[in-house]
Amino acid sequence: SPKEMGLPGQEYFAGSHFNPNVTWWDQSTGFISYLTRCQYMLQQGRSVADVLYYYGDHVPNLGRYKQDDPAGALPGYDYDLINEDKLLNLTVSGNRIRLPHGVSYRLLVIPDHRTLSFAAIKKIAMLVADGATVLGPKPTTTASLVGFPNAEEKLVTMADQLWTKSSNPIGSNKFGKGRVIWGKTAAQVLQEDKIPADFQVIKTDTGLVFDYIHREIAGQVDFYFVSSQNRKKASLTCSFRNTGRQPELWDPVTGICRPLRFFKEQDGSTSVDLQFDPFGSAFIIFRLPSTQTAVSGSTPPKNYPEFHDLVTLDGKWQVRFDTAWGGPASARFDTLQDWISRSEPGIKYYSGKAVYQQSFDVPDLEGNNASNDHQHFIELGDVKDVGIASVTLNGKDLGITWCPPFRLPLGEALRASGNKLEILVVNSWRNRLIGDRDNSAGKKFTNTNITVRPDWQLVPSGLTGPVKIVTARW
């Protein structure tokens with residue numbers, strides 16, 4: 001966006017705006033670090049999926065969202081997509097379907113629209129003859145003029161050989177070294193073949209949804225990226241089709257890596273207790289040999305600490321706003337509250353950064369000194385609307401927090417008395433844009449090509465807390 005356009009400037013009407021004109025650009029490093037860690041890991045090694053889904057060659061044709069699950073593999077198993085170019089490069093070895101670069105699959109699933117090119121069905125016949133398992137309905141047409149009409153006739157003949165002339169909605173047929181199956185999902189076939197789920201949620205609250213990606217590195221390391229698709233905190237017991245190695249948790253938000261001490265191995269899988277914050281994610285790594293899956297004694301080890309409140313910062317807050325964006329130089333908040341609930345227009349319609357300041361004591365700190373199994377954190381409660389804050393305690397930068405539970409380690413910065421705390425929070429452009437819309441005769445702070453619609457409402461903003469000092473105990 002040209003500088004003369006002002007802020008937020010020239011923007012596209014759709015999508016998420018991520019550029020130096022967003023209010024939180026200077027505080028974006030925490031989010032970018034998360035993306036960096038995730039993408040570094042997800043580019044390592046090779047995909048591990050049991051199912052390869054060929055999405056056809058007809059037009060129009062698009063790869064669908066994973067959760068649409070056209071392969072019928074979810075949950076428990078995963079699938080990759082392939083087009084016709086790559087389909088023609090497939091080979092079979094040991095009954096596994098292989099791509100040239102080495103990734104292999106147990107099943108090839110074809111689309112349910114009963115349309116295949118002659119090149120595709122010819123290749124599928126070769127794969128099945130060599131030992132592949134192919135799953136899907138019997139094709140009836142090439143829907144193409146290539147080789148017409150001979151190609152149509154040949155497709156019908158080959159389809160009868162592979163699928164037989166049976167009219168049964170469910171069935172299978174041996175052809176060469178392989179087989180063709182129809183009327184079942186990929187997950188059903190894998191279960192009938194006694195293949196354990198690659199990732200399975202064994203125990204959690206009803207209605208919770210989790211997703212995963214599995215990759216392996218040189219046959220030595222397996223890792224799973226597990227993502228919670230839930231708005232609330234979630235605890236679960238899940239299993240991974242991996243044994244003989246110590247599970248580790250790698251946190252892409254903090255970069256912290258640690259072993260998951262409590263796990264069990266059974267029937268070719270390892271079960272682990274995990275916890276996720278709202279929409280949280282983690283890498284579960286299997287790389288180091290393990291000869292022990294439980295610790296003796298009456299109390300098993302914990303995979304996560306318990307957090308206990310040490311002090312809640314209920315006092316008054318002094319808050320600094322940026323006067324260049326219409327905010328007051330300073331304002332007192334007797335309690336933490338949403339900016340849009342304030343009567344001052346400079347706060348109600350404010351967009352940008354604000355710094356909260358408070359001094360506090362921790363009378364019980366001496367009895368709660370940090371140790372290897374005992375650490376102190378600050379929790380900010382709720383941060384709106386972007387959900388980004390940076391924290392400084394006694395002059396020490398504690399870092400940026402951008403996702404629930406908005407928690408940062410205090411390290412050696414915390415003192416028993418005289419602590420000076422600063423919390424910088426930032427909200428989006430929305431409230432300032434609405435303020436400029438409603439103040440048609442007054443000073444305008446923003447400029448953009450986007451029309452601020454009459455039905456747009458103010459969004460909750462600021463630090464609403466509660467802000468706490470907590471102790472983590474293992």
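The values are calculated or read from the model by the stated rules, or taken from the named source; none is laboratory data. Note that the structure is a prediction, hence the values are computed from the model and not measured. For neighbour counting, all protein chains shown are included, and Cβ atoms are generated from backbone atoms with ideal geometry for every residue, glycine included.
Taking the condition of being part of a loop (DSSP other than H, G, I, E, B) and touching a residue at least 40 places away in the same chain (Cβ under 8 Å), how many residues in the range 1-21 meet it? Final tally of qualifying residues: 5. Taken together, the criteria place residue 49 among residues that are surrounded by 15 or more Cβ atoms within 10 Å (Cβ to Cβ), in a loop (DSSP other than H, G, I, E, B) and touching a His at 6+ places or on another chain (Cβ under 8 Å).
Evaluation of residue 86 against the conditions (1) of a type outside the set (Val, Ile, Thr); (2) surrounded by 14 or more Cβ atoms within 10 Å (Cβ to Cβ); (3) within 23 Å of the chain's Cα centre (by Cα) shows that the sole unmet condition is (3).
Within the range 1-54, the only residue that satisfies the criterion of being of a type in the set (Lys, Arg) and either within 30 Å of residue 95 (Cα to Cα) or assigned by the TED database to the domain that holds residue 95 (or both) is 46.
Residues are listed down the side, and each one gets a yes or a no for (1) more than 19 Å from residue 37 (Cα to Cα); (2) at pLDDT below 95:
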{"residue": "241", "(1), (2)": "yes, no"}
{"residue": "262", "(1), (2)": "yes, yes"}
{"residue": "266", "(1), (2)": "yes, yes"}
{"residue": "269", "(1), (2)": "yes, no"}
{"residue": "275", "(1), (2)": "yes, no"}
{"residue": "279", "(1), (2)": "no, no"}
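So, in the range 360-388, of the ones that are within 37 Å of the chain's Cα centre (by Cα) and surrounded by fewer than 16 Cβ atoms within 10 Å (Cβ to Cβ), which residue ends up modelled with the lowest pLDDT? Residue satisfying both the conditions and the ranking: 372.
Taking the condition in contact with a helix residue (DSSP H, G or I) (Cβ under 8 Å, 6 or more places away or on another chain) and either surrounded by fewer than 20 Cβ atoms within 10 Å (Cβ to Cβ) or outside the structural domain of residue 84 (by the TED database) (or both), does residue 146 pass? Walk me through how you get there before you give the answer.
On the way: in contact with a helix residue (DSSP H, G or I) (Cβ under 8 Å, 6 or more places away or on another chain): yes; either surrounded by fewer than 20 Cβ atoms within 10 Å (Cβ to Cβ) or outside the structural domain of residue 84 (by the TED database) (or both): yes.
It is true that residue 146 is in contact with a helix residue (DSSP H, G or I) (Cβ under 8 Å, 6 or more places away or on another chain) and either surrounded by fewer than 20 Cβ atoms within 10 Å (Cβ to Cβ) or outside the structural domain of residue 84 (by the TED database) (or both).
Can you list the strands (runs of 3 or more DSSP E) found entirely within the range 141-260 that contain at least 2 residues being of a type in the set (Val, Ile, Thr)?
Numbers: elements: 171-175, 178-182, 199-203, 210-217, 221-228, 234-240, 245-250, 257-259.
Passing ranges, in order: 178-182, 199-203, 210-217, 221-228.
Regarding residue 209, is this residue of a type in the set (A, V, I, L, M), surrounded by fewer than 19 Cβ atoms within 10 Å (Cβ to Cβ) and outside the structural domain of residue 55 (by the TED database)? Yes: the conditions hold for residue 209. Of all residue pairs spaced 6 or more apart or on separate chains, those with beta-carbon atoms under 9 Å, a first member in the range 119-136 that is in the same structural domain as residue 159 (by the TED database) and a second member that is in a helix (DSSP H, G or I) and of a type in the set (D, E, K, R) are 119/84; 120/84; 121/154; 122/154; 123/84.
Residues of the range 75-109 being farther than 22 Å from residue 219 by Cβ, in contact with a helix residue (DSSP H, G or I) (Cβ under 7 Å, 6 or more places away or on another chain) and not small (Gly, Ala, Ser), which ones? First the steps, then the outcome.
Residues of the range 75-109 farther than 22 Å from residue 219 by Cβ: 75-76, 81-89, 108-109.
Within this subset, residues satisfying the condition of being in contact with a helix residue (DSSP H, G or I) (Cβ under 7 Å, 6 or more places away or on another chain) are 76, 84, 87-88, 108-109.
Passing the criteria: 84, 87, 88, 108, 109.
If you check residue 338 against the conditions, is it under 27 Å from residue 232 (Cα atoms), touching a residue at least 40 places away in the same chain (Cβ under 8 Å) and touching a strand residue (DSSP E or B) at 6+ places or on another chain (Cβ under 7 Å)? Walk me through how you get there before you give the answer.
Numbers: under 27 Å from residue 232 (Cα atoms): yes; touching a residue at least 40 places away in the same chain (Cβ under 8 Å): yes; touching a strand residue (DSSP E or B) at 6+ places or on another chain (Cβ under 7 Å): yes.
Against the criterion (under 27 Å from residue 232 (Cα atoms), touching a residue at least 40 places away in the same chain (Cβ under 8 Å) and touching a strand residue (DSSP E or B) at 6+ places or on another chain (Cβ under 7 Å)), residue 338 qualifies.
Only one of the numbered conditions (1) surrounded by fewer than 19 Cβ atoms within 10 Å (Cβ to Cβ); (2) part of a loop (DSSP other than H, G, I, E, B) is not met by residue 32, and that is (2).
Residues in the range 230-253 that are in contact with a Leu (Cβ under 9 Å, 6 or more places away or on another chain), polar (S, T, N, Q) and surrounded by 14 or more Cβ atoms within 10 Å (Cβ to Cβ): 3 in all.
Put simply, of 232, 264 the only residue that is within 18 Å of the chain's Cα centre (by Cα) and without any contact (Cβ under 8 Å) to a residue 60 or more places away in the chain is 232. Of all residue pairs spaced 6 or more apart or on separate chains, those with beta-carbon atoms under 8 Å, a first member in the range 51-67 that is of a type in the set (S, T, N, Q) and a second member that is modelled with pLDDT of 80 or more are 61/55; 67/74; 67/211.
Can you name every residue in the range 56-102 that is among the basic types (Lys, Arg) and outside any loop (DSSP other than H, G, I, E, B)?
Of the residues in the range 56-102, the ones among the basic types (Lys, Arg) are 64, 66, 86, 96, 98.
Those that are among the basic types (Lys, Arg) and outside any loop (DSSP other than H, G, I, E, B): 66, 86, 96, 98.
A count restricted to the range 434-455 and to residues that are outside any loop (DSSP other than H, G, I, E, B) and farther than 16 Å from residue 322 by Cβ stands at 5. Here is a check on your reading of the model: is residue 57 within 30 Å of residue 146 (Cβ to Cβ) and out of contact with any Leu (no Cβ under 6 Å at 6 or more places or on another chain)? Spelling it out, residue 57 is indeed within 30 Å of residue 146 (Cβ to Cβ) and out of contact with any Leu (no Cβ under 6 Å at 6 or more places or on another chain).
Determine whether residue 162 is closer than 17 Å to residue 54 by Cβ, in the same structural domain as residue 63 (by the TED database), modelled with pLDDT of 95 or more and buried (at least 17 other Cβ atoms within 10 Å of the Cβ). Judged against the criteria, residue 162 is a match.
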